[in-house]
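The values are calculated or read from the model by the stated rules, or taken from the named source; none is laboratory data. Owing to the predicted nature of the structure, the values given are computational and were not obtained by experimental measurement. All Cβ positions, even for glycine, are placed from backbone atoms using ideal geometry, and neighbour counts span all protein chains on display. Just so you know, the surface numbers come from the protein's heavy atoms only, side chains and all, with ligands and any DNA or RNA stripped out. Shrake-Rupley method; radii C 1.70, N 1.55, O 1.52, S 1.80 Å.
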Amino acid sequence: MSQLSIRLALPDDDEELARLDQAEWSPLHSVQPRPKPPYRPFFDERHLPGDCMVAEADRRILGYVRLGLPTGLDANAHVRQIQGFAVSSAARGRGVGRALIRAITEEARRRGARRLTLRVLGHNAPARALYESEGFAVEGILPEEFLLAGEYVDDVFMGRRL
């Protein structure tokens, strides 16, 4: 892998990001059913290119992380939430996910956030370990919140101060 770069997504990244999402779908990290054609666009009115950071090497997107507001309330406008995160299986274990988490943390700070939160499935041990190593702590658990592939799975809330 040549030099890794992290940048804000561009509208032209839509198709490549949608393909990455489809290719990396798994009940390990998604509560949505497996995507089927016709596929939805990656960007929409709630998920804009400027709210997504991508990791790129050799002109290929290797992963992304999406930043959003947890609610539309002014009372928690100081909080940002990770609302999507994926790394291609070919790029895992090479620091791509860590680089994306660090970049989105800085982007949240730049946007004036005081806190950064996320939700992760309880059985996704690799993601939970990454988040913990980057300063996130478990702030709450909804036990057996989802039934995925015949198994009840916890919904884990994590957060950190910026």
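Below 8 Å between Cα atoms, with a sequence gap of 6+, how large is the relative contact order for the chain in percent?
Numbers: 275 pairs, mean separation 32.6, N = 162.
Once divided by the residue count of the chain, the mean separation gives 20 percent.
Over the chain, with the other protein chains present, what is the accessible area per residue in square angstrom, probe 1.4 angstrom?
Values: 9350 Å² over 162 residues.
For the chain, the per-residue accessible area is 58 Å².
Looking at the P(r) of the range 5-103, how many percent of alpha-carbon pairs lie beyond 16 Å? Present the calculation step by step, with values, prior to reporting the outcome.
Working: 2788 of 4851 pairs.
Result for the distance tail: 57 percent.
Taking the Cα centre of the range 84-162 as origin and charging only Cβ (+1 Lys, Arg; -1 Asp, Glu), how large is the dipole, in debye to the nearest 20?
Numbers: 13 positive and 10 negative charges, 141 e Å.
I would put it at about 680 debye.
Each residue of the range 113-123 in turn: what ³J(HN,Hα) in whole Hz from Karplus with 6.51, -1.76, 1.60 and θ = phi - 60°, glycine and Pro shown as x?
6, 9, 9, 10, 10, 6, 10, 9, 6, x, 8
Give the residue from GLY84, LEU48, SER26 lying farthest towards the positive end of the charge dipole for the range 1-107; charges sit on Cβ (+1 for Lys and Arg, -1 for Asp and Glu) and the dipole is referred to the Cα centre.
With unit charges placed on the Cβ atoms, the residue in question is SER26.
Show that you can apply the helix-only estimate: for the chain, add -39,500 (n - 2.57) for every DSSP H stretch of four or more residues, divide by all residues, and state [θ] at 222 nm to the nearest 500. Walk me through the intermediate numbers first.
Numbers: 3 runs with 35 residues, N = 162.
-6500 deg cm²/dmol, from helical runs alone.
Carbon and sulfur: what percent of the range 45-162's accessible surface (1.4 Å probe)? Mind showing how you got there, number by number?
Values: 2990 of 6230 Å².
Taking all protein chains in place, the range 45-162 shows 48 percent carbon and sulfur surface.
How big is the dipole moment of the chain about its Cα centre under a simple scheme where the beta carbon of each Lys and Arg is +1, that of each Asp and Glu is -1, and everything else is neutral? Debye, nearest 20, please. Walk me through the numbers before you get to the answer.
Numbers: 23 positive and 23 negative charges, 105 e Å.
Taking the Cα centre of the chain as origin, the dipole is about 500 debye.
Using a Gaussian network model of the chain whose springs link C-alpha atoms within less than 10 Å, name the residue from GLU151, GLU16, GLU139 with the highest mean-square fluctuation.
For the chain, modelled as a Gaussian network with Cα springs under 10 Å, the answer is GLU151.
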